[in-house]
Amino acid sequence: MEFFLDTADVDEIREIAAWGILDGVTTNPSLIKKSGRDFKEVVREIASICSGPISAEVTAMDTAGMLEQARQLKRELPDNVIIKIPCTPEGLAATKVLTEEGIDTNVTLIFSTSQALMAAKAGATYVSPFIGRIDDTGHDGMNLIAEITEIYNIHGFETKVLAASIRSVQDIIDSAKFGADVATIPPKFLKAMYNHPLTDKGLADFLADWAKTG
Ligand code: G3P
C-alpha cells in the first residue's frame, strides 16, 4: 500500500519525506488556498521534495477547459505532476482523452461505486473516494472502498483506489484491510501512526538501563 500526503504544506511534506516512506502527495483547491501560496509555485516545490505522483487539480468545468488546463500543467510543471479531475461527465470525457495521451489522472470527488466504475472505464489512473465526507453524512465510507476494490478486482480494472478524506488512523488501517492501493493522509494522522505510549516507555527504560551498564 502506498502513502500519499494530503496537504500543500511544504514543511510538513519535507519533514515526512525524510522518513523514507512517502509515495506521493495530493492537493486540491482548498489545500492550495490554505497554503497561501501560488498554485504552480507550491506544486513545483512539492514535486521537487517528493518524486512520486503529485496531484494538481483542474478548475475548469467544461471538457475543453479541463484539457487546456491539464496540458498546460503538464507543460509547465515537473513530470511527476498528475492531473486531478472531478467526477462529472465533462471530467470523465477529459479523463478519457488524457489517458489516450498518456497523461496520468486522479478522478476526484468520488462518493459512489457507480462513479468509480465510470472513472475506471474512462481509464483513470486513480480514483479518490472521499470516505470521511461520506461518514460525515451518516453513511459508511469504508463500505465504498470495499465495494470498489471488489468490482475492480472482478473486472480487472487497473485503476488504483486512493482512499481520500481520511479522518483517523483507523481509516488508514481499514483502507488497507479493504484493499485500497493508496491512502492520502493529512500529516497529523501520518504522524499519529507511529505513536505508541509503550514504545516511548520501552525506549526510556532501555536507555535508562543502558546508562547503568559498564
Ligand atoms: O484531497 C481530497 C480529500 O482528501 C479531502 O479531504 O478532509 O477535505 O474531506 P477532506
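Just a few scattered comments:
This table checks each residue for (1) basic (Lys, Arg); (2) part of a helix (DSSP H, G or I); (3) modelled with pLDDT of 95 or more; (4) at positive phi.
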position: Trp19; (1), (2), (3), (4): no, no, yes, no
position: Lys33; (1), (2), (3), (4): yes, yes, yes, no
position: Met66; (1), (2), (3), (4): no, yes, yes, no
position: Val97; (1), (2), (3), (4): no, yes, yes, no
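- Scanning the range 177-190 for residues being assigned to a helix (DSSP H, G or I) and either within 15 Å of the ligand (Cβ to nearest atom) or at pLDDT below 95 (or both) gives a total of 4.
- Among residues of the range 127-157, those that are part of a loop (DSSP other than H, G, I, E, B), surrounded by fewer than 17 Cβ atoms within 10 Å (Cβ to Cβ) and either within 16 Å of the ligand (Cβ to nearest atom) or touching a residue at least 24 places away in the same chain (Cβ under 8 Å) (or both), counted: 4
- Boolean, Leu5 is aliphatic (A, V, I, L, M), more than 30 Å from Ser114 (Cβ to Cβ), open to solvent by less than 70 Å² (accessible area, probe 1.4 Å) and not in a helix (DSSP H, G or I): no
- Screening Ser55 against (1) crowded, with 18+ Cβ neighbours inside 10 Å; (2) part of a helix (DSSP H, G or I); (3) within 16 Å of the ligand (Cβ to nearest atom) leaves a single unmet condition, (2).
Rundown of residues vs (1) at negative phi; (2) out of contact with any Leu (no Cβ under 6 Å at 6 or more places or on another chain); (3) among the charged types (D, E, K, R), yes/no style:
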{"residue": "Leu77", "(1), (2), (3)": "yes, yes, no"}
{"residue": "Pro86", "(1), (2), (3)": "yes, no, no"}
{"residue": "Glu90", "(1), (2), (3)": "yes, yes, yes"}
{"residue": "Ala94", "(1), (2), (3)": "yes, no, no"}
{"residue": "Val107", "(1), (2), (3)": "yes, yes, no"}
{"residue": "His139", "(1), (2), (3)": "yes, yes, no"}
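- Candidates Ala120, Ala124, filtered to the one that is among the small types (Gly, Ala, Ser), open to solvent by less than 20 Å² (accessible area, probe 1.4 Å) and more than 23 Å from Pro29 (Cα to Cα): Ala120
- Close Cβ contacts (under 7 Å, 6 or more residues apart or on different chains) running from residues in the range 54-81 that are closer than 16 Å to Leu109 by Cβ and polar (S, T, N, Q) to residues that are within 16 Å of the ligand (Cβ to nearest atom) and assigned to a helix (DSSP H, G or I) comprise Thr59/Pro29.
The values are calculated or read from the model by the stated rules, or taken from the named source; none is laboratory data. It should be emphasised that the depicted structure is a prediction, and the values quoted were computed from it without experimental measurement. In this analysis, Cβ positions are derived from the backbone assuming ideal geometry, glycine residues included, and neighbour counts consider all displayed protein chains. Just so you know, the surface numbers come from the protein's heavy atoms only, side chains and all, with ligands and any DNA or RNA stripped out. Shrake-Rupley method; radii C 1.70, N 1.55, O 1.52, S 1.80 Å.
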